[in-house]
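The values are calculated or read from the model by the stated rules, or taken from the named source; none is laboratory data. Every value quoted in this text rests on a predicted model; they were computed, and no experiment measured them. Every residue, glycine among them, receives a Cβ derived from its backbone with ideal geometry; neighbour counts consider all protein chains shown. When the accessible area is computed, the model is the full protein with side chains, heavy atoms only, and any ligands, DNA or RNA have been set aside. Shrake-Rupley method; radii C 1.70, N 1.55, O 1.52, S 1.80 Å.
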Amino acid sequence: MTELLGGGAVQPSPALVIDHAALIDNLRAVRARVAPAELILVVKDDAYGQGLAPIIATAVAEGITWFGVSDLGTALEVRELAGRATRVLAWPAGASDGVDRAVRASIDLGVGDAALLETVAAEARAAGAVARIHLKIDTGLHRNGFRPEDWAETVHRARVLEQSGFFRVVGVWSHIAEASDAEDDAARALFDAAVEQLEAAGMRLELRHLAASAAAFARPEFRYDAVRIGAFCYGVRSAEGPGAGSLGLRPVATLQGTVVAVHDETVTVALGSLDGVPSTLAGRVAVGTPAGPRELLRVDADSLAIVGWPGAAVGDVIAVFGSGMLGERSATSLAEAIGTIGEEILLRVSPRIPRLHRGTAPVASAER
């Protein structure tokens, strides 16, 4: 369930607390950093598990006009939440149900394979609507996309489909690996060549977008007309990258639990692996407590064992990851301890954990 807190409300526990003041600050910092490129706010996976409707409400209030998702169902939901004044880009992998509804709803479609290209064109003609297409070139990550050797044929076919009047190529895009500057430079060269071929064929492109969070911040030449950013907007830094604070960003989500038992040297918290805390974190990280960081000793199915502190009491609140107010580390710092990425730590939080939204106008509660 998505819940909203006003001032002074008591926090149930456990909870994933979403700080919309931090989200607003992050959105402003990101937009300032990437300007004049447009920010496409990525809200896939229920806004990274934080609750789509409240995140969308705050983003729209901040003037965000582009949203990005990876599936058509979420794209249609975003269209309902954000309204027709915004644009929604969806990049489904391969054939996907709902193309007809997406075309009717004016969803921009990221297309990276020939079968989907033909499906979109057919559905647009049947619906009597104009499909807005962003063609994807595979620049080396191999996360779908038309191969460079097939690009000329793809451009020709797209140009033929445009002549039907129901199909328009408005964008070109790609994913890059962000593995090294040299690999990213090679990817950018492929991207630029793909853009040149589209323009030479007479395509009137509105958006060229290549970069996600890390590249968009680090390398201005990768920003083009727009950047697709999810993690950084939520204060989740890249693994082994600079801290969120040094980027001018703040963690938006804090995972909290409550002490339910105090022992001689440890405390027990009502939060466990079934709630999304990876058991592999035990013995490798500290969590935040009223007395500062304390080692996480054990992660059971429904509880955590943490090194105690003087004066520990039942009802004390601890933070597994979050803003650092109790000495807790970020989601990415936890991820680095077990060889994964910050987004995974955030997405693992169980849907049964309430999402408590602070600092935003109330929206209707939604069952999760």
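Table for the structure above
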| item | result |
| --- | --- |
| Trypsin sites (Lys or Arg not before Pro) lying in DSSP loop within the stretch 201-302, provided at most 10 other Cβ fall within 10 Å | Arg204 |
| Charge dipole magnitude, Cβ of K and R +1, D and E -1 - the chain, Cα centre, debye nearest 20 | 840 |
| Tilt relative to the chain, helix 72-82 - C-alpha long axis, 0 to 90 degrees, to 10 | 80 |
| Note, ³J(HN,Hα) from phi for the stretch 86-91, Karplus 6.51, -1.76, 1.60, rounded to Hz, x at Gly and Pro | 9, 10, 10, 10, 10, 10 |
| The stretch 149-206 versus the stretch 288-328: alpha-carbon centroid distance in Å | 50 |
| Solution diffusion estimate, µm²/s, Stokes-Einstein, the chain, Kirkwood Rh from C-alpha pairs, 4 °C, viscosity 1.567 mPa s | 59 |
| The stretch 165-203: GluC sites (Glu not before Pro) in DSSP coil with no more than 10 other Cβ atoms inside 10 Å | none |
| Karplus-derived 3J(HN,Hα), 6.51/-1.76/1.60, for each residue of the stretch 328-341, Hz, glycine and proline x | 6, 8, 7, 4, 5, 4, 5, 4, 4, 5, 10, x, 9, 10 |
| Dipole magnitude of the stretch 38-179, debye to nearest 20 (Cβ charges: Lys/Arg +1, Asp/Glu -1, about Cα centre) | 420 |
| GluC sites (Glu not before Pro) lying in DSSP loop within the stretch 211-276, provided at most 13 other Cβ fall within 10 Å | Glu240, Glu265 |
| Cα shape, the stretch 157-252, gyration tensor, a/c 1.5 rule | prolate |
| Accessible heavy-atom area order of Met325, Met203, highest first, probe of 1.4 Å | Met325, Met203 |
| Nearest-20 debye value, the stretch 221-349 charge dipole, Cβ charges on Lys, Arg, Asp, Glu | 260 |
| Candidate residues His357, His142: accessible-area rank, largest first, probe 1.4 Å | His142, His357 |
| Cα lying deepest toward the dipole's positive end in the chain, options Thr258, Leu23, Leu210, charges on Cβ | Leu23 |
| Residue-averaged [θ]222 nm for the chain, counting only DSSP H segments that reach four residues, each worth -39500 (n - 2.57) | -9000 deg cm²/dmol |
| Unit charges at the beta carbon, dipole of the chain: most positive-side option, Ala179, Gly73, Ala127 | Ala127 |
| Vicinal HN-Hα couplings computed from phi for the stretch 52-62 (Karplus, 6.51 cos²θ - 1.76 cosθ + 1.60; Hz; Gly/Pro x) | 5, 4, x, 5, 4, 4, 5, 5, 5, 4, 8 |
| With all protein chains modelled, accessible area of Asp302 [1.4 Å, Å²] | 100 |
